[in-house]
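Here is the structure we will look at.
The values are calculated or read from the model by the stated rules, or taken from the named source; none is laboratory data. All figures in this text were calculated on a predicted structure; none of them were measured in a lab. Don't worry about glycine lacking a Cβ; one is built from the backbone with ideal geometry, like all the others, and counts go over all protein chains shown.
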Amino acid sequence: MSLSLACILAEAARAHPERVAVIDDTGRHTYAELWTQTLALAAGLRESGVRPGDRVALMATNSADFARAYFAILSVGAVVVPVHLLLAAKEIAHVLQDSGARLLISDHLLAEGAVRGTEGSGLPVLTVGAAEGSAPTRLEDVAAQVAPLTGYVTRLAQDPAVILYTSGTTGTPKGAVLSQLNLIMNATVNGYDANDTRSTDVVMGCLPLFHAFGQTVAMNTAFRLGATLVLMRRFEPAAALELMVRHGVTVFHGVPTMYVALVGSVAADPQRSLPPLRLCVSGGASLPMAVLERFEELFQTTVYEGYGLSETSPTATTNQPSMGTRPGTVGHPVWGVEVEIARQDLPDRIELCATGELGEIVIRGHNVFLGYHNLPEATAEAIVDGWFRSGDLGTKDVDGFITVVDRTKDVVIRGGFNVYPSEVEGELMRHPGIAQVAVIGLPHPLHGEEVCAVVVPADPADPPSAAEIIGWASERIGRHKYPRLVELVDALPLGPSGKVLKRELRRRYADSDGA
């Protein structure tokens, strides 16, 4: 069966040529304009030697240039390898080498870092966007020398479309290979089944497009619907609110740290205008209930929590109006996908748990990836009996709602008792003096691990003391799981997608003395 992810933009341009597809800091771009420019860039890639099946790395900020280059790579039949923008030069080099990329496309703003990442490899670099100084050759200039493609190159449904490299929070990044079918189905299900999304929506694109959440749930889903995508190169809460108001944004996708920041921005300026948000989706990590409740109160909207991973395209479950919603859960599996809870102590087979029992979240369906690039053993460990083992702990209740309890690697084992950081974080976020918190386990000579809360105070000028937080928590959280250690910080370390880097925190505070 022939199928190409490029059809998402091609079909939108055919059905809605004059509709605005993207708004960024360079202006407004219609679907017809975006597709015409994409086919021209695709011809430039072919002229540069790119052939169907080749991997082409893409290093670009949130802009129309990202969309043009992304779909140009797909249109010439190649595989997109998005590069995380916070990677160091040696980490970029690893992604390029591991993926076997034929060349690297960089937007003009990132050209210097792109060149550093290719030093020693001889990998060609092409830029997209405005020309600046002695930047590498522009793909637009190559494209101007040849006729544009007349359409996209045919691929098979199971052919790779994108290789998404995991963030590396658990070690060396692995390339999750996603098929044309994986990504088309995930965009379609997100757009037409999971939520009440519409072609008239204006979608906020402040999640990084190189990440699965922003790429599929924001960009590809918006294009699948023929909606308008407002792109922001880097999220900043006050500027994001201004942008959403200016363009009448109705749909917002974000990770919990973004919701926390938006609530804080409104609290700092209660008289500011707010956008007409109709649909909000949170993913990437557990959204503390206190933040969800406050956001819904301020913006007079509903936040739908969902769940997924790079390996699942990414959406696996979400709260869906058609099936009922339940705050604190990640809802039901999306259309055509099965999500169950399995025993985590049986790595070589899948044995499902009873209703309500804690276990590992396992997933199968059209969204599950093809495997890890050039890592057959890791793929075999991840996909067992046809199910993808997520590494996340969760439960499924009698009504089918999935609750993510925590990452297996993040569970703190104190004195033989399991402590789930997301539960402790959710309670600590109700403390009026806490703006953000991450709970980690630190080595302890007696208990094995001790619970540590790393706290960003709501008012840096008048932060609560560690003793105050510990005392407050001891009255509200079980004796085996309230934090005995508290570290006050100005900010939490975040990965490219906005997730808190707990591994970095554990490394930073590993030498702390247990209480």
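Listed here are the helices (runs of 4 or more DSSP H) enclosed by the range 102-201 that have at least 2 residues being under 27 Å from Glu338 (Cβ atoms) and touching a residue at least 60 places away in the same chain (Cβ under 8 Å): 180-189. Scanning the range 29-49 for residues that are more than 26 Å from Val202 (Cα to Cα) and not small (Gly, Ala, Ser) turns up Leu41, Leu45, Arg46, Glu47.
Per the listing Ala466, Ala438, Ala473, the residue uniquely of a type in the set (Gly, Ala, Ser) and touching a Leu at 6+ places or on another chain (Cβ under 6 Å) is Ala438. Restricting to the range 464-487, name every residue that is of a type outside the set (A, V, I, L, M, F, W, C), touching a residue at least 40 places away in the same chain (Cβ under 8 Å) and surrounded by 19 or more Cβ atoms within 10 Å (Cβ to Cβ). Answer for the range 464-487, where residues must be of a type outside the set (A, V, I, L, M, F, W, C), touching a residue at least 40 places away in the same chain (Cβ under 8 Å) and surrounded by 19 or more Cβ atoms within 10 Å (Cβ to Cβ): Lys481, Tyr482, Pro483.
Consider the range 311-327 and keep the residues that are of a type in the set (Gly, Ala, Ser) and under 19 Å from the mean Cα position of the chain (by Cα). The one that is surrounded by the most Cβ atoms within 10 Å (Cβ to Cβ) is Ser313. Based on this model, can you work out whether Ala461 counts as touching a strand residue (DSSP E or B) at 6+ places or on another chain (Cβ under 9 Å) and either in contact (Cβ under 8 Å) with a residue 60 or more places away in the chain or not assigned by TED's automatic domain parsing to the domain that holds Tyr165 (or both)? No. Taking (1) at negative phi; (2) in contact with an Asp or Glu (Cβ under 9 Å, 6 or more places away or on another chain); (3) surrounded by fewer than 21 Cβ atoms within 10 Å (Cβ to Cβ) in turn, Gly53 satisfies each apart from (1).
Any residue in the range 338-349 that is on the phi < 0 side of the Ramachandran plot, surrounded by fewer than 23 Cβ atoms within 10 Å (Cβ to Cβ) and part of a helix (DSSP H, G or I)? Within the range 338-349 (the criterion being on the phi < 0 side of the Ramachandran plot, surrounded by fewer than 23 Cβ atoms within 10 Å (Cβ to Cβ) and part of a helix (DSSP H, G or I)), the answer is no, since none of the residues qualifies. Annotation: of all residues in the range 443-463 being surrounded by fewer than 22 Cβ atoms within 10 Å (Cβ to Cβ) and within 21 Å of Leu393 (Cβ to Cβ), the one that is modelled with the highest pLDDT is Glu449. Taking the stated definitions as given, is Gly226 farther than 25 Å from Val95 by Cα and under 18 Å from the mean Cα position of the chain (by Cα)? Answer is no for this residue.
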